[in-house]
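Everything on this sheet refers to the single structure shown next.
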Amino acid sequence: MPIVPDEPAYGGHQDDDRGAARLSGPLFRDETQQPPYDPRTQPSDTPQAQPYGAVPQNPEPMPDVPPPAPAPQKKSAGRDLGAAIGVGVGLAVVIIASLFVVKAAFVGVIAVAVVVGLWELTSRLQERKGIKAPLVPLAVGGAAMVVAGYVRGPEGAWVAMALTALAVLVWRMTEPPEGYLKDVTAGVFAAFYVPFLATFVALMLTADDGAWRVLTFLLLTVVSDTGAYAIGWRFGTHKLAPRISPGKTREGLFGAVSFAMVAGALCMQFLIDDGSWWQGLILGLAVAASATLGDLGESMIKRDLGIKDMGTLLPGHGGIMDRLDSLLPTAPVVWLLLVLFVGSG
């Protein structure tokens, strides 16, 4: 049997597809083969000079895509508002009940607030600065100062202040002399800052309409703080004293002045005997100024001590001193203006 050669499966020499698959050169004669990629002879930024799958050496920079805008954040008061309102209402009930039932009971409330405030202030001074202002003579002298102001008037308050300062100097002598000067200086400052300024509230109480004078003083201070908070939180953009208290704004100060002047006109017209609305405008302006300065003053102290609050006794408020900051410097201002407007009666 003759040997028949195997027949190509794809049609012998006419199988161009299979022949083309075996070729390693170009498919057509007029086509030239690309030389292999050589980074020494060919530029790396030319797309056709790089083999398939190679990573470009100098990729084209991607156009800047703006980052997604952050979601707007809701303003926060920074404190537990519910606790703050609850504590404020509780304090108001205690103050009003003692103020209009028995005046002497309200003097006791002032004395207790003074002693607690002195304890907070001296504790923070010792913890943060190592200053040991003697608390015992300050607490005893501070309470006596408030009572003396109520019983004996301004003269009694001045005498009690002098005796308290002397007691601080003598009490500190029982300890080593190191740090004596800074300790007694801080003690005299604390005696003036807390109990002596608080004594002017007791002086207001001695008048025939003393309860209404004290209520006017408290209302104007609270309204001033509320106006500053409300307007500043909603519209505040221009800082008032950023290095002392970054949260306070000029718009907030405008709110404090506006609210306090309106409240002052109403209080002088309807609560104070022989008072007039225009006197209330002046009184409100003075209260807004003194309350703001008092708040900034304690903020300066706390910033120097490196603390946020003087204490934690009042939830949502901080400590007693954090509530007395605007009241203490405002007390002598209100007492003096009321004496000038309607007398000490």
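The values are calculated or read from the model by the stated rules, or taken from the named source; none is laboratory data. The structure presented is a predicted model; accordingly, all values stated were derived computationally and were not measured. Note that we place each Cβ from the backbone using ideal geometry, even for glycine, and neighbour counts take in every protein chain shown.
Summary table below
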| item | result |
| --- | --- |
| Filter result for the condition that a residue is out of contact with any strand residue (DSSP E or B) (no Cβ under 7 Å at 6 or more places or on another chain), over 18 Å from G227 (Cβ atoms), crowded, with 16+ Cβ neighbours inside 10 Å and at pLDDT 95 or above, over L283, L337 | L337 |
| Single match in M173, M145 (criterion: under 24 Å from V109 (Cα atoms) and modelled with pLDDT of 95 or more) | M145 |
| Qualifying residues in the range 109-148 (those that are outside any helix (DSSP H, G or I) and either of a type in the set (G, A, S) or closer than 14 Å to F196 by Cβ (or both)) - the one nearest to the chain's Cα centre (by Cα) | G130 |
| Filter result (more than 18 Å from T199 (Cβ to Cβ) and in a loop (DSSP other than H, G, I, E, B)) within the range 308-330 | K308, D309, M310, G311, T312, L313, P315, G316, H317, G319 |
| Breaking point among (1) surrounded by 19 or more Cβ atoms within 10 Å (Cβ to Cβ); (2) in contact (Cβ under 8 Å) with a residue 60 or more places away in the chain, for P315 | (1) |
| I272 among the hydrophobic types (A, V, I, L, M, F, W, C) and under 30 Å from S123 (Cβ atoms) | no |
| Odd one out for V222 among (1) among the aliphatic types (A, V, I, L, M); (2) surrounded by fewer than 18 Cβ atoms within 10 Å (Cβ to Cβ); (3) without any contact (Cβ under 8 Å) to a residue 24 or more places away in the chain | (2) |
| Lone unmet requirement of (1) closer than 30 Å to T122 by Cα; (2) touching a Gly at 6+ places or on another chain (Cβ under 8 Å); (3) of a type in the set (G, A, S) for G280 | (1) |
| Answer from G153, G227, G187, G232 - the residue that is in contact with a strand residue (DSSP E or B) (Cβ under 8 Å, 6 or more places away or on another chain) and part of a helix (DSSP H, G or I) | G232 |
| All positions within the range 235-266 that are part of a helix (DSSP H, G or I) and either without any contact (Cβ under 8 Å) to a residue 24 or more places away in the chain or within 18 Å of L338 (Cα to Cα) (or both) | F235, R250, E251, F254, A260, M261, V262, A263, G264, A265, L266 |
| Number of the exception - L181 against (1) touching a helix residue (DSSP H, G or I) at 6+ places or on another chain (Cβ under 9 Å); (2) at negative phi | (1) |
| Residue check, P315 closer than 19 Å to V87 by Cβ and in the same structural domain as V223 (by TED's automatic domain parsing) | yes |
